[in-house]
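Participant: Quick one: this structure, given as structure tokens, is what I'll be asking you about.
Taken together, the values in this text are just the output of simple stated rules run on the coordinates, not laboratory data. Since this is a predicted model, take the numbers as computed values, not measurements. Glycine gets a Cβ as well: all are built from the backbone with ideal geometry, and neighbour counts include every protein chain shown.
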Amino acid sequence: MTTITATGRALNHVELVYRPGERELAARVFELLGCRPKDTGGTFLTSFVEPSEGDFCNNAVYCSEVTPEQWRLECALSDALQSGGPVADAAHGYLDRLRDEPQRSTHFGIRIPDRDRFDAVIAGLRDAGEHDPELKGRVRVSAVFAPGEPGSLTDVMIQAFVHTDVVAAGLLTLGQHFELQYQF
């Protein structure tokens, strides 16, 4: 088997953040995405993109609690969005567009090589977003694009976009999209 480090250049990690006190919830979201979270304590929660692997330096997603400075910004932005006005209008327009076209959002993709596993991950995410008391309204399958369907960009894969505000590679207030792919 060829290792990631043996093949040359690769994306080795992505760093995300979660709200204060939501470390365990962040781990649950990664598990729902088909990753394997591993919490060894300390600053970073690590999730392995390929659950059978355990390389902390490659093919990993790290997640840490937002800094106090980011949390103050998140709270101020959340207040502004609830108060209305130009910032709220712009943010809602942006989020509405991404609900219709999640492909246009800042996101990263995870390939799931087995169709049954892909379908099970999507079903688990849908179920959690609709029925899990802690995740209801906080994680959702935004769209699934299969070849030949409107919005599909290719005939070689099925793309499923998942939106959450539990973790983000930016502002939690605006949320994060993940693209899950099953490639033929």
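Participant: So for the pair Cys57, Asp96, with labels modelled 7 Å out along Cα→Cβ, what separation do we get in nm?
Facilitator: 4.9 nm
Participant: With labels modelled as points extended 7 Å from the Cα through the Cβ direction, what inter-label distance (nm, one decimal) is found for Glu24 paired with Arg72?
Facilitator: Those two pseudo-labels are separated by 3.0 nm.
Participant: Please compute the length gained on full extension between Glu149 and Asp132, using 0.36 nm multiplied by the number of residues separating them and subtracting their Cα-Cα distance.
Facilitator: 3.1 nm
Participant: May I ask what percent, to the nearest 5, of DSSP beta bridges between residues of segment 9-65 are antiparallel?
Facilitator: Roughly 55 percent of the DSSP beta bridges within segment 9-65 come out antiparallel.
Participant: Moving on. Treating only the Cβ atoms of Lys and Arg (+1) and Asp and Glu (-1) as charged, compute the dipole magnitude of the chain about its Cα centre; round to the nearest 20 debye.
Facilitator: Dipole magnitude for the chain comes out near 180 debye.
Participant: Would you tally the net charge around Val66, using a Cβ to Cβ cut-off of less than 14 Å, leaving Val66 out, and scoring K and R as +1, D and E as -1?
Facilitator: Around Val66, the charge tally is -3.
Participant: Still on this structure, I have one more. Rounded to the nearest 500 deg cm²/dmol, what is the calculated helix-only ellipticity per residue at 222 nm for the chain, with -39500 (n - 2.57) per DSSP H run of length n ≥ 4?
Facilitator: Here the helix-only value at 222 nm equals -10000 deg cm²/dmol.
Participant: I want the local charge near Ala26. Using Cβ-Cβ distances under 12 Å, sum +1 for each Lys or Arg and -1 for each Asp or Glu among the other residues.
Facilitator: Net of charged neighbours comes to -3.
Participant: For segment 19-28, just list the computed ³J(HN,Hα) in residue order, Karplus coefficients 6.51, -1.76 and 1.60, θ = phi - 60°, integers in Hz, with x standing in for Gly and Pro.
Facilitator: Each residue of segment 19-28 in turn: 5, x, x, 10, 4, 5, 5, 4, 4, 5 Hz.
Participant: Right, something else. If you place +1 on the Cβ of every Lys and Arg and -1 on the Cβ of every Asp and Glu, how big does the dipole about the Cα centre of segment 9-65 come out, in debye to the nearest 20?
Facilitator: The calculated dipole for segment 9-65 is roughly 60 debye.
Participant: Restricting the count to DSSP beta bridges whose residues both fall in the chain, what percent are antiparallel, rounded to a multiple of 5?
Facilitator: In the chain, approximately 70 percent of DSSP beta bridges are antiparallel ones.
Participant: Between Ala88 and Ala10, what length in nm is gained on full extension when 0.36 nm per residue of separation is reduced by their alpha carbon distance?
Facilitator: That pair, Ala88 and Ala10, stretches by 24.3 nm at full extension.
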